[in-house]
Structures are given as structure tokens and as C-alpha cells.
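The values are calculated or read from the model by the stated rules, or taken from the named source; none is laboratory data. Just so we're clear, the structure is a prediction, and the values are computed from it rather than from any experiment. Here the Cβ positions follow ideal geometry from the backbone for every residue, glycine too, while neighbour counts run over all protein chains shown. The protein model used for the area step is the full one, side chains on, heavy atoms only, and it has no ligands, DNA or RNA in it. Shrake-Rupley method; radii C 1.70, N 1.55, O 1.52, S 1.80 Å.
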Amino acid sequence: MDLTEKTLSRREIYDGRIVHLHVDEVELPDGSRSVREIIDHCPCVAVVALDEQDRVLTVTQYRYAFGRELLEIPAGKLEPGEDPVTGALRELREETGAVPGQLLPMGVYLGSPGCLGEELHLFLARDLQMAEAQPDEDEFLEMARVPFEEMVHRIMSGEITDGKTIAAVLKAKLLLDL
């Protein structure tokens, strides 16, 4: 069975600096019609960076959409044409000052594929050399080091709720337990 939905029309709603919103009328596989509200976002990267004591480099930042601070792994959007490895190295360095000797790709995470067109490339970084962090002008971060097993516990207890952090840390746990 072909599950493809065919775009019949598109209405552009908003074209912003970070997101683009459009509403599409689609034809469903059975020939009926429906509406899809889609937020397009550029590709992103996120990095689980482990220091020599198996602590995860984390950043806490205020997330306006939720009205609170969230503990997360370093992450950010790719520049136009930038490959994910280069972007991961850049974001990790900007947010934490870390430069890894080893960077292992852990796949792509789709955070909310029903309405959000964003691919998030996940990485595991090890053998870190530390330099000075250089966050973006509009980025206010508090960096910390959290023991890896504590991160897993905080995820499983529901204390850490950021999707990319959950996915990347649990993927890293499976990779490291092999």
C-alpha cells in the first residue's frame, strides 16, 4: 500500500528567521482530502560530550516557549550548506569550549514529525580538550558537567524532559554499554 500524501495546494503563513509555517491541503492515499500545518526548520545538531570522568557537558538555558530553564546537551542549527560534523564541532565549541578528539555520529532524530520539518543530527564526543566557550550574542547558557549515569537517572525519572537530550543520552548509553 502506498501511504504517500499528495500536496494539492500550499498557503504560506509565516516566513521567519528560524521557522517557516505553511498550511497544505493534501490528498490522502484513499483519495480523500485533509490539511497539514507544517513548521519548517533548518537542520540541527546535538552532542553528548563526555569528559575523562564520564561526565556529560550540559547547558542550562531559559526556553521561552515553556517559560522555564531546561538542562540540555549542546545543540544548534546548521548554517546553510554546513555539513553535520562541522556544525556539531562548531556548536560544541561555541557552547562549552570543548574540542573532541573523537566524534561519533548517532543518527538523526525527528522531534515531532507530524508537524515539524526538522532533522536533528546526534553525536557522541569523547577525548575532549577544553578551551573558552564562545556562545552567540543572544545565547545565555550555564554550562555544567553531570555524571553520565546521573543523566540517565534524571531522564528516566522525568526530571530531564528535552527530547533531543533524552534521545541522544539514551542512544549513547546503549552504544557505551556494548
Between the residues Gly16, Ser32, Val169, the Cα farthest towards the positive end of the dipole of the chain, that dipole coming from +1 and -1 charges on the beta-carbon of Lys, Arg, Asp and Glu, is from Ser32
Looks like the range 77-178, by Cα gyration tensor root eigenvalues a ≥ b ≥ c and the a/c under 1.5 rounded cutoff (else prolate when a/b is bigger than b/c, oblate otherwise), is rounded
Within the set Gly81, Gly117, Gly163, GNM on the chain using Cα springs under 10 Å gives the largest fluctuation to Gly81
Within the chain, pairs of Lys residues whose Cα atoms are less than 27 angstrom apart, provided they are eight or more positions apart or on distinct chains, add up to 4
Within the under-10-Å Cβ sphere about Arg90, not counting Arg90, Lys/Arg +1 and Asp/Glu -1 give a net charge of -4
Taking a ≥ b ≥ c as the square roots of the eigenvalues of the Cα gyration tensor, with a/c under 1.5 meaning rounded and otherwise prolate when a/b exceeds b/c and oblate if not, the range 1-41 is prolate
About its Cα centre, the chain carries a charge dipole, from +1 on Lys and Arg Cβ atoms and -1 on Asp and Glu Cβ atoms, whose size in debye to the nearest 20 is 320
Heavy-atom accessible area of His121, protein chains in place, probe 1.4 angstrom, given in Å² to nearest 10, is 40
Order by accessible surface, 1.4 Å probe, largest leading, for residues Lys173, Lys6 comes to Lys6, Lys173
